Amino acid sequence: PTESVLCLVNRLSVKKCAFTMAEILLSLTIIGVVAAITLPSLTGNINERTWNTQRKALYARFSQAIALMPALNGYGTLIEDESGSVTEDTAAETFVTNGLAKVLKINNICDNDHLEDCGIVSKITTLGGVTLVFPSTMTELNSEMTISASGTVNNTSMIDTKAAAFETQNGESIAVFYNPNCIGDLSENPWEGTEGVYIQNRVCANFIYDLNGNKGPNTVGKDIGFMTAMYPSDVTIAAPYPAISQLSGTYAISPDSGGVSALKACTNYDSEYRIPNAEEAISMFVNKELMKSSTTQFSGTYWTSTKVHSNGQTRNLTMKSGESWKGQLDDVASDTDKNVWCIKR
């Protein structure tokens, strides 16, 4: 037995009781090991809760601010040469200066050549763990947004404008990708009818935000996220919080032979997950480079939870990417198996 134990059991001893140096060092070592194991997890959980709270607050502020704007299109200058190439582009910067800054508290506005002055970092980590150079134009963010979706379809593309950036009074750094010619109010309900709708020219503004400026970890799904504003009036803003990757396998809305329903697939996988609606799927398509991993891409056909009524039937929309009809929300008649990419609640 150690001296301290002998002191405790031998009450008649006149010897002073104390812990030995070896026992103290052993105790400190155990405490240190336990702290090393649990502290990162505790810190991570605190950060996750903080980012989640900030993300919801930012979305609320943006929704309230943009609702006060008369319209989201028509801002900025685009001057083209004889070949059709844009020689002057101030659209995104003007959208922030003359539009957002009127309804949102903004500290600093930066043009395309000085994005870093507004806290925009040069590289970020995607949701799937890939290092990505921060995009400075719409084409760099998603080239499928700036080319015609089909050789037989005109005016479906979004203009390849340069990004601008700004800082909010709450310390967020936000890059803006802007389309001054966006169309598609809710009066032109894109979810009715039997034909698919190309979504590129319905996107007015896309925002990539960093909740803590140029501080780390600069990772999508943590301090970095995205929001997309659609339709110039009666604006809809989507801010999906995507899961780490799409579910394996394919799903149908009303599966035969006991298969898994697409509408229930996300909840069945994780109670905190759900299937995105149409606008959330659009936002994920626009920002698909921010979601990619070394093995998983946002490509193919995806179910959403938005329903349309066509010829008396209720159908779900699919998000198509990487095909000749890239960027189309399609009102499919058949209940075929398709992909599901979940978002967190």
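Assorted remarks:
- With a 1.4 Å probe rolled over the protein heavy atoms of all chains, the accessible area of W341, W51 falls in the order W51, W341, largest first.
- Members of K162/K326; K264/K292; K215/K307; K105/K162; K264/K288; K56/K162 lying beyond 29 Å, as alpha-carbon distances in this model show: K215/K307
- Projected label distance in nm at N214 and S143, using a 7 Å step from Cα toward the beta-carbon: 3.0 nm
- Placing dummy labels 7 Å off each Cα toward the beta-carbon, the span from S27 to K102 is 6.8 nm.
- When D330, D113 are compared by accessible area of protein heavy atoms, the largest-first order is D113, D330, using a 1.4 Å probe.
- Using 0.36 nm per residue and subtracting the Cα-Cα separation, the extra length available between H114 and I244 on full extension is 43.7 nm.
- Rounded accessible area of M21 (nearest 10 Å², 1.4 Å probe): 130 Å²
- Spin-label model distance (nm) - N170 vs S293, 7 Å beyond Cα toward Cβ: 3.0 nm
- Heavy atoms of R61 accessible to a 1.4 Å probe, total area in Å² rounded to 10: 60 Å²
- Heavy-atom SASA rank of S233, S283, S122 (probe 1.4 Å, accessible area, largest first): S122, S233, S283
The values are calculated or read from the model by the stated rules, or taken from the named source; none is laboratory data. Only a predicted model underlies this, so the values are computations on that prediction, with no experimental measurement involved. As a convention, Cβ positions derive from the backbone with ideal geometry for all residues, glycine included, and neighbour counts pool all protein chains shown. Surface areas here come from the heavy atoms of the whole protein model, side chains and all, with no ligands, DNA or RNA. Shrake-Rupley method; radii C 1.70, N 1.55, O 1.52, S 1.80 Å.
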